[in-house]
Amino acid sequence: MWVLYAVGSAVFAGLTAILAKVGIRHTPSNLATAIRTVVVLCFAWLAVFVVGSQSTIGTLSGGTIGFLVLSGLATGASWLCYFRALQLADVNQVTPIDKSSIVLTVLFAIVLLGETDSLATRLAGIAVITAGTDLMIDRHPRPASPAVPTRGPGWLVYALGSAVVAALTAILGKVGIADVESNLGTAIRTAVVLVMAWVVAFATGEHRGLNRIPRRDLVFILLSGVATGASWLCYFRALQAGPASVVVPIDKTSIVLTVAFAWLFLGERLGRRATIGLVLILAGTLLMLV
């Protein structure tokens, strides 16, 4: 049964970017992030009550809470960058760069946490993923339709920012979650993300457009939050029952599903160069995780 949960995690993660892309076509990305985070927070706390870890909140140390807050701030920054990049470019452009955060995560873990086990294999995986990402960045995309244009190179800055901050999130989260149940840690971090997202929405004035969001956009924004929450629930349920060495690689195949969904639902096509890059990214990920 845990295999089905792991597959479910990858499927829902793959759907998240597609649903969000549709939802932010006519809605400011910061406001959309703030709205969807409300849904994600509900799922996060649902997971806490399912495993019964809410009673341990009072036992958390100040240091643990501090690292969880920092991790939440990093997560919020990563989400804001990611969804802004999605608003400016194709899903197939943004997702591979965002997923390349695994390269920085491994490097940070080696340097900051001293995780040097299987170092040669990890470095080889990093090299393969980097090569694959470079192939996808260097392609010359064409918009799927005149209604969804690519608006200049600014998307790349946001996509790279998303990857860098996501890597920091993983490191901060690993330190902070050492003495806390994982679902509870995720829920606390998500609460921080929610506050941060709404602060940014108010600071940029995007909150004033809340009543003017097209109904179609709102539906897809909420669905993207549901997809993220469902992915998290499936992922942690799979980890409870199955081996992490199998669950994690299955979850990481979401990049392939995202590209497939972008082709099916958004009409985004990959060229030969980008396809080779995608294969390399997947191969490098599996090399490090199997």
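Taken together, the values in this text are just the output of simple stated rules run on the coordinates, not laboratory data. Remember, predicted model here, so these are calculated numbers, not experimental data. Positions of Cβ are backbone-derived with ideal geometry, glycine not excepted, and every protein chain shown enters the neighbour counts.
Computed from label points 7 Å out along Cα-Cβ, the spacing between PHE265 and THR204 is 2.2 nm. Reported value for segment 2-289: 127 Å³ per residue, from the convex hull of its C-alpha atoms. Give the shape of segment 178-287 as rounded, prolate or oblate, defined through the alpha-carbon gyration tensor: a ≥ b ≥ c are the square roots of its eigenvalues, a/c under 1.5 means rounded, and otherwise the shape is prolate if a/b is larger than b/c and oblate if not. It comes out oblate by the Cα gyration axes. Placing dummy labels 7 Å off each Cα toward the beta-carbon, the span from SER55 to LEU218 is 4.0 nm. For segment 182-223, the square roots a ≥ b ≥ c of the C-alpha gyration tensor eigenvalues yield an a/c of 1.5 or more together with a/b not exceeding b/c, which makes the shape oblate.
Tell me whether segment 60-120 comes out rounded, prolate or oblate; compute the Cα gyration tensor, take square roots of the eigenvalues as a ≥ b ≥ c, and use a/c under 1.5 as the rounded threshold. Oblate.
Over segment 21-141, all Cα pairs binned in 5 Å intervals from 0 give whole-percent P(r) values of 2, 9, 12, 15, 16, 16, 16, 10, 4, 1, 0, listed from short to long. When the chain is treated as a Gaussian network with alpha carbon springs shorter than 10 Å, the biggest mean-square fluctuation among ASN211, ASN30, ASN183 belongs to ASN211.
If you filter segment 6-58 for trypsin sites (Lys or Arg not before Pro), then keep DSSP loop positions with at most 15 other Cβ within 10 Å, what is left? Those satisfying the criteria are ARG25.
Projecting label points 7 angstrom from Cα along Cα→Cβ for ALA241 and VAL3 puts them 1.2 nm apart.
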